[in-house]
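Q: Below: one structure in structure tokens.
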Amino acid sequence: MEVVIVPDAKAGGELIAEAVAQLLRRKPDALLGVATGSTPLPVYEALTAKVRAGELDASAARIAQLDEYVGLPAGHPESYRATVLREVVEPLGLGPGSFMGPDGSAEDVQAACAAYDAALASAGGVDLQLLGIGTDGHIGFNEPCSSLASRTRIKTLTEQTIKDNARFFDGDVGQVPRHVITQGIGTILEARHLVLLATGEGKADAVAATVEGPVAAVVPASALQRHPHATVVVDEAAASKLKLADYFRHTYTNKPEWQGL
Ligand code: GLP
């Protein structure tokens, strides 16, 4: 896994947006897996700026959702489908046809999970999956002790995640759905390139466990250690508990430019 320490969230967003831009120049119809939450917003902003400045043609890009709440009415503004359409698909000028995601309001949730897992594979697989990280080390909504081989399925949120996400529901934990659909860790690991962005001191423990701890289901993001092309981009605050921070700085400073992320 490569760890890149950037000065702040904006720099992280720009770095990752450039990696996405390089991918789209190479493969215009690349399937981009996107995450929700506050952390990836600088990536979407930087990408949108490139498109608006005419530096990047993203018109053939395809977007895949990572996870979804179960039981919110279709079109609910905090559903991840609505969030991804608002934060990624529309700003990039893409149509709804370019987007795929699990159906969180399906009657048969298990069938919806299996259908989404299969749809990702038949779309050719995710080229670049952007990930955030929960304070408990979750990726997508794979909470601690999720199987490292898991597929897209229904999960129950931990109390910590419900509290963390209440800010999107008027601060009311009672409004946060208890159940979610998430790509499994095994599903996520099938993406060709994983890029995890973490910013802020609140993520420092989770980042240290992910990067320098053992591969363990109790820290779902540590599964990235098993991926042949995983990049972890962290700001100084999120990097503050990494013992090997100086080593990561040294290797990135001396990296051949042509390699990109
Ligand atoms: C949610 C999402 C994750 C995201 C996490 C962190 O739980 N399911 O994909 O990484 O929130 O969110 P934030 O970036 O807002 O801290």
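Q: Which number in (1) modelled with pLDDT of 95 or more; (2) near the ligand (Cβ under 10 Å from one of its atoms) marks the one condition that residue 149 misses?
A: (2)
Q: Output the residue which, of all residues in the stretch 106-117 that are touching a residue at least 60 places away in the same chain (Cβ under 8 Å) and away from the ligand (no atom under 16 Å from the Cβ), is surrounded by the fewest Cβ atoms within 10 Å (Cβ to Cβ).
A: Taking the stretch 106-117 first, the residues touching a residue at least 60 places away in the same chain (Cβ under 8 Å) are 109, 112-113, 116-117.
Now restrict to residues that are away from the ligand (no atom under 16 Å from the Cβ): 109, 112, 117.
Values: 109: 20, 112: 20, 117: 18.
Checking each candidate, the answer is 117.
Q: Is there any pair linking a residue in the stretch 149-170 that is at negative phi to one that is part of a helix (DSSP H, G or I) and small (Gly, Ala, Ser), with Cβ under 6 Å and at least six apart or on different chains, and which?
A: Within 6 Å, the pairs are 149/186; 150/186; 151/186.
Q: Test of understanding: among 162, 185, which residue is buried (at least 17 other Cβ atoms within 10 Å of the Cβ) and closer than 20 Å to residue 126 by Cα? Before the answer, list the steps.
A: Details: 162 fails: closer than 20 Å to residue 126 by Cα.
That would be 185, the only listed residue that is buried (at least 17 other Cβ atoms within 10 Å of the Cβ) and closer than 20 Å to residue 126 by Cα.
Q: Right, something else. Looking only at residues that are more than 12 Å from the ligand (Cβ to nearest atom) and not hydrophobic (A, V, I, L, M, F, W, C) in the stretch 126-145, which one is farthest from residue 207 (Cα to Cα)?
A: Taking the candidates together, the pick is 127.
Q: So, in the stretch 94-105, how many residues would count as being surrounded by 14 or more Cβ atoms within 10 Å (Cβ to Cβ), more than 23 Å from residue 166 (Cα to Cα) and over 16 Å from the mean Cα position of the chain (by Cα)? Spell out the reasoning first.
A: Within the stretch 94-105, the first condition is being surrounded by 14 or more Cβ atoms within 10 Å (Cβ to Cβ), and the residues that meet it are 94, 98-105.
If we keep only those that are more than 23 Å from residue 166 (Cα to Cα) as well, we get 94, 98-100.
Now drop any that are not over 16 Å from the mean Cα position of the chain (by Cα), which leaves 94, 98.
Total meeting the criteria: 2.
Q: From the residues in the stretch 54-89 that are within 16 Å of the ligand (Cβ to nearest atom) and of a type in the set (Val, Ile, Thr), which one is farthest from residue 115 (Cα to Cα)?
A: Per the stated criteria, the residue is 88.
Q: Just to verify a result, which residue in the stretch 174-224, among those that are of a type in the set (A, V, I, L, M, F, W, C) and in a loop (DSSP other than H, G, I, E, B), is nearest to the ligand (Cβ to nearest atom)? Full working, then the answer.
A: Let us first name the residues in the stretch 174-224 that are of a type in the set (A, V, I, L, M, F, W, C), namely 176, 180-181, 185, 188-189, 191, 194-198, 204, 206-209, 211, 215-219, 221, 223-224.
Cutting the leftovers down to in a loop (DSSP other than H, G, I, E, B) gives us 176, 189, 191, 215-219.
Working: 176: 10, 189: 15, 191: 14, 215: 19, 216: 19, 217: 17, 218: 17, 219: 14 Å.
My answer is 176.
Q: Moving on. For the stretch 24-47, name all the residues that are more than 14 Å from the ligand (Cβ to nearest atom) and aromatic (Phe, Trp, Tyr).
A: Within the stretch 24-47, none qualify.
Q: Within the stretch 216-250, can you find the residues that are open to solvent by 60 Å² or more (accessible area, probe 1.4 Å) and of a type in the set (Val, Ile, Thr)?
A: The one that is open to solvent by 60 Å² or more (accessible area, probe 1.4 Å) and of a type in the set (Val, Ile, Thr): 218.
Q: Quick one: how many residues across the stretch 189-207 are over 15 Å from the mean Cα position of the chain (by Cα) and either open to solvent by 20 Å² or more (accessible area, probe 1.4 Å) or at pLDDT below 95 (or both)?
A: Total satisfying the criteria: 4.
The values are calculated or read from the model by the stated rules, or taken from the named source; none is laboratory data. Computed from a predicted structure; not experimentally measured. Here Cβ is always computed from backbone atoms with ideal geometry, including for glycine, and neighbour counts include all displayed protein chains. Side chains are part of the model used for accessible areas, which takes the heavy atoms of the whole protein and leaves out ligands, DNA and RNA. Shrake-Rupley method; radii C 1.70, N 1.55, O 1.52, S 1.80 Å.
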